[in-house]
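Pasting a structure below so you can have a look.
The values are calculated or read from the model by the stated rules, or taken from the named source; none is laboratory data. Keep in mind the model is a prediction, meaning the values are calculated, not measured. Cβ placement follows ideal geometry from the backbone for every residue including glycine, while neighbour counts extend to all protein chains displayed.
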Ligand code: HEM
Ligand code: SF4
Ligand code: SF4
Ligand code: SF4
């Protein structure tokens, strides 16, 4: 691997970036002004739009058995009853019962309407104390999709003008220039040129008709250049006809996490149109959890029609390549046991499990699975943009502890992650807890295990 | 000495009943009435020296089964002697006199014993058309009212007089009622059963003769000593019930082995009577012992409490028709609720989205 | 009309009517609601099969959750099995259903059903006490939760009292109370969380499909 960013550079960037991230709440524009009635009305509208037959059946299937609490990192870590996952849907249930349930004729008189107070109290529940990781979905005897319905709650909060300032800032920023943390086209170009210089080959840009489009994210541009660099180096090594695009480099979508559905749709639509204009067959979204579902499952919804390009995440794309022999990695000796974190959005919500494991195997790692793995994986503690919420600091530490507890119990001395925000959260958690376990990007690991060029070129001859 | 003047003692002697047999009867009666043995001499004394109290027996809408049960024991028993002891001044089924003579006898008895005579009633009282049941041109209800006026107490013999019984059963064409529905101001003892057990009847009379008052009664005015426990609790087949061993038909293995008759509709668990203890025909047997479930004849409305052959654990009013009707209504309401929800959903979807009108920040960013 | 006559007759009749209406009302109402369909490509094929699989695989608890939820799952399991055995295979109940539908089926001996019913009753009481004492459960519980468990306990409790004929009340009163408690259960059923009989399996199907679309076995 060619080092595109040194460890020290990364740490400095991280410190700076973290300082910046901590103050974005103050930079945010003031929250939109609305009357209480408007807030309630808007929230209800979002709720009601979101309740279809499937949601109704699920809401009517809850037994209040409390099992979901035992799956949620925030309850496990705090034992605070208010963090019981299903409690986060009580507001939604109320609206459903009153307005849409088949029994609403009966229930309406007994179900008071929601108030703006209810909405305000809901904010902490659906932002700070839920990363929409979906682990609770997996234990629920009724298989209720709590994670997704919390997302609906965030949309309602956002519509009611109650999204946290940090996420409003992120979303306003992306609404304005399409990217996050001010990683505009100039900065993107700067980073690409920097990587290009270090890698020593030209990185194709805006190449129409390429097979593969590689996306990145503001976070990687600022901070985790190793992930972007690793992916580029590997694509180049594999001889893939790939490109990056100045019009579609941002994989992150802060419309989606903040709850601003219109922004989410707009951003996805923008990327999708750019992708279709390029005519690529496959899009690789960066190591950024939510950018995977945002494009993989969101593109068609945003366009209102199916799209005909494949969307894969980094670990998925390269994992498949390893599995079908297109990518040979060099087995090295790794005496330290390693643990793998399945980011919720690409794991439990994306089905990418085998691919990263195959990669680690091919690299010769001794993978120690955490007790909860694959679809039962614990969230890093700061998913769904929670790593940006200072108000959620305590809860993030709690989530981190739960996760790290499992990693320690697995006897791992190194951790590999394929998601920038998970990495962020691990890094911050480590600092706060005084832990020192190295946290690596999977893309960077792949790049570090590329066989020597000569051999490959020899093969080609 | 006229017949009326004889005491029971005299009459027993005349009949050749030994003193020993008489005392045994008194002891039995005492135990039936759950009285302590020390009361036996008192009963014997009282009965021996009692002069025949005047009794007027009124029969209304009845089948004479109750009279038959009591009067026609197959051997002349001491129980039947009790009846000879009383001065049965009027019983139109069995008295020799008839017509105006009979009515005259009743009138005389009433006048002579005003305030002291006992009235025994079998049969229910029709309240519909007065012509449904009359005696000597007088409707039953009128007879009952004015005979009861001078009575010391009324004994309702059998379920018809006690609770309305079979004439009262749905659809009750004569608008029959129980005696207690007509007479409110006299002590009434109900001795229900279709028919009642003779010993129960006589013991009640014996109690009245011996103590001059009625025995302790339950909430349905039945003597507690006889009607205090249900058949089920005293049934010799109860162990089979506990083990869940039930006869499924009247001639299957279970029936032959004497298993519980619950499944064949036995109403023993809800029937309060002394059959399982006293039995019938001088203690020979009782219905369950004969292989048939209890019909619950001593309970109000036994005729209308579902089929005799349906187990107690079944519903009486539930039928496929009702359920089907409910199903149709349910489908209707469900479809309406679903349609309402659908149109609500469509309305929300179609309405211009308030939530997505740009907020201030959104406007600025555009 | 005595209490027993009322219970066996009109009470059960009306309760059954309300039950049938309520169940169909809520079921059909749910069924008729609009459903949104995703447009994106599925990651895996065989969605329906996966949905059905989740319907049944959720009867088992994934091992990772065993420590924290195992006890509760076990109780739930035993309770439901006990419920089915007691309600549908107790001699006297089989007679009830035979009276209703016209045919019966073999029943279990009392020596089996009675302990089973006792255990089921015991579990319900444990679940109720747990709900009242565990801070998390108490926090999320509402009237619906308490009432549903209590309304379910009642037929068991009155059934035992009736069968063993213990207690100060006469048999026919106990039997009447038993019928009345069943009537109450029937009335309460469609409008409370007991309605989960209908929704649990479809709800699992929904998540099974949703996750299999994404390549995940839920
Ligand atoms: C297809 C049939 C059914 C399914 C799949 C089902 C499923 C469940 C599940 C998953 C639970 C949660 C258990 C837990 O706490 O972990 C539950 C609880 C319960 N179910 Fe069912 N159930 C069914 C039928 C019934 C029926 C017919 C009843 C009758 C009354 C019933 C009564 C209850 C009660 C009382 C609880 C306990 C609720 C509590 O803890 O508060 N269930 N059921
Ligand atoms: S685990 Fe499922 S059924 Fe149980 S309380 Fe949570 S959401 Fe409801
Ligand atoms: S989605 Fe994750 S964080 Fe949210 S309630 Fe469920 S388990 Fe907890
Ligand atoms: S035969 Fe009748 S009274 Fe006797 S035990 Fe069975 S149900 Fe009870």
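Scan the stretch B:218-241 for residues that are crowded, with 21+ Cβ neighbours inside 10 Å, within 8 Å of ligand 4 (Cβ to nearest atom) and outside any helix (DSSP H, G or I) and report the count.
3
Could I ask something else about it? Would you mind telling me which numbered condition in (1) surrounded by fewer than 16 Cβ atoms within 10 Å (Cβ to Cβ); (2) facing another protein chain (nearest Cβ under 10 Å); (3) modelled with pLDDT of 90 or more; (4) closer than 30 Å to residue C:178 by Cβ residue B:339 fails?
Exception for residue B:339: condition (4).
Within the stretch C:79-92, can you find the residues that are within 9 Å of chain B (Cβ to nearest Cβ) and out of contact with any helix residue (DSSP H, G or I) (no Cβ under 6 Å at 6 or more places or on another chain)?
Result: C:91, C:92.
Considering every residue within the stretch A:161-181, establish whether at least one is in contact with a helix residue (DSSP H, G or I) (Cβ under 9 Å, 6 or more places away or on another chain), more than 16 Å from ligand 3 (Cβ to nearest atom) and closer than 25 Å to residue C:26 by Cβ.
No, that holds for no residue.
With the structure loaded, tell me whether residue B:222 is away from chain C (no Cβ under 14 Å), at pLDDT 90 or above and more than 16 Å from ligand 1 (Cβ to nearest atom) or whether it fails that test.
When the stated conditions are applied, residue B:222 does not pass them.
Something else now. Please determine whether any residue of the stretch C:105-115 is in a helix (DSSP H, G or I), under 30 Å from residue B:303 (Cβ atoms) and more than 8 Å from chain A (Cβ to nearest Cβ).
No, the conditions are met nowhere in the stretch C:105-115.
Here's another thing I want to ask about it. Go through B:166, B:154, B:183 for me and flag whichever is surrounded by fewer than 21 Cβ atoms within 10 Å (Cβ to Cβ), under 21 Å from residue B:92 (Cβ atoms) and assigned by TED's automatic domain parsing to the domain that holds residue B:59.
Residue meeting the stated conditions: B:166.
With the checklist (1) over 30 Å from residue B:224 (Cα atoms); (2) exposed (fewer than 15 other Cβ atoms within 10 Å of the Cβ); (3) without any contact (Cβ under 8 Å) to a residue 24 or more places away in the chain in hand, flag the one item residue C:118 doesn't pass.
So residue C:118 meets the others, but not (3).
Here is a check on your reading of the model: is residue B:218 closer than 25 Å to residue B:295 by Cβ, away from ligand 2 (no atom under 16 Å from the Cβ) and out of contact with any helix residue (DSSP H, G or I) (no Cβ under 7 Å at 6 or more places or on another chain)?
Against the criterion (closer than 25 Å to residue B:295 by Cβ, away from ligand 2 (no atom under 16 Å from the Cβ) and out of contact with any helix residue (DSSP H, G or I) (no Cβ under 7 Å at 6 or more places or on another chain)), residue B:218 does not qualify.
A follow-up question, please. Which condition does residue C:44 not pass, out of (1) under 26 Å from residue A:136 (Cα atoms); (2) assigned to a helix (DSSP H, G or I); (3) within 12 Å of chain A (Cβ to nearest Cβ), if it passes all the others?
Just one mismatch for residue C:44, condition (2).
Yes or no, residue by residue, for (1) modelled with pLDDT of 80 or more; (2) assigned by TED's automatic domain parsing to the domain that holds residue B:112; (3) over 24 Å from residue B:229 (Cβ atoms):
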| site | (1), (2), (3) |
| --- | --- |
| B:15 | no, yes, yes |
| B:18 | no, yes, yes |
| B:23 | yes, yes, yes |
| B:43 | yes, yes, no |
| B:60 | yes, yes, yes |
| B:70 | no, yes, no |
| B:74 | no, yes, yes |
| B:79 | no, yes, no |
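Tell me, which helices (runs of 4 or more DSSP H) lie completely within the stretch A:91-189 with 3 or more residues that are away from chain C (no Cβ under 14 Å) and surrounded by fewer than 22 Cβ atoms within 10 Å (Cβ to Cβ)?
A:116-123, A:165-177
Can you pull out the residues in the stretch A:405-421 that are closer than 26 Å to residue A:253 by Cβ and outside any loop (DSSP other than H, G, I, E, B)?
Residues satisfying the conditions are A:415, A:416, A:417, A:420, A:421.
Hey, among C:135, C:155, which residue is within 8 Å of chain A (Cβ to nearest Cβ), more than 18 Å from residue C:74 (Cα to Cα) and either crowded, with 19+ Cβ neighbours inside 10 Å or more than 13 Å from ligand 2 (Cβ to nearest atom) (or both)?
C:135
Give me the residue from the stretch C:54-69 that is assigned to a loop (DSSP other than H, G, I, E, B) and more than 7 Å from chain A (Cβ to nearest Cβ) and, out of that set, nearest to the chain's Cα centre (by Cα).
The extreme case among them is C:59.
So which residues in the stretch B:242-263 are buried (at least 23 other Cβ atoms within 10 Å of the Cβ) and either within 16 Å of ligand 1 (Cβ to nearest atom) or not in a strand (DSSP E or B) (or both), if there are any at all?
Hits for the stretch B:242-263 are B:247, B:261, B:262, B:263.
Condition (residue is in contact with a helix residue (DSSP H, G or I) (Cβ under 7 Å, 6 or more places away or on another chain), more than 14 Å from ligand 3 (Cβ to nearest atom) and within 7 Å of chain C (Cβ to nearest Cβ)) applied to the stretch A:64-76: is it met by at least one residue?
Among the residues of the stretch A:64-76, at least one is in contact with a helix residue (DSSP H, G or I) (Cβ under 7 Å, 6 or more places away or on another chain), more than 14 Å from ligand 3 (Cβ to nearest atom) and within 7 Å of chain C (Cβ to nearest Cβ), which makes the answer yes.
May I ask you to verify whether residue C:72 is within 14 Å of chain A (Cβ to nearest Cβ), under 30 Å from residue C:158 (Cα atoms) and out of contact with any strand residue (DSSP E or B) (no Cβ under 9 Å at 6 or more places or on another chain)?
Here the answer is yes, as residue C:72 does meet what is asked.
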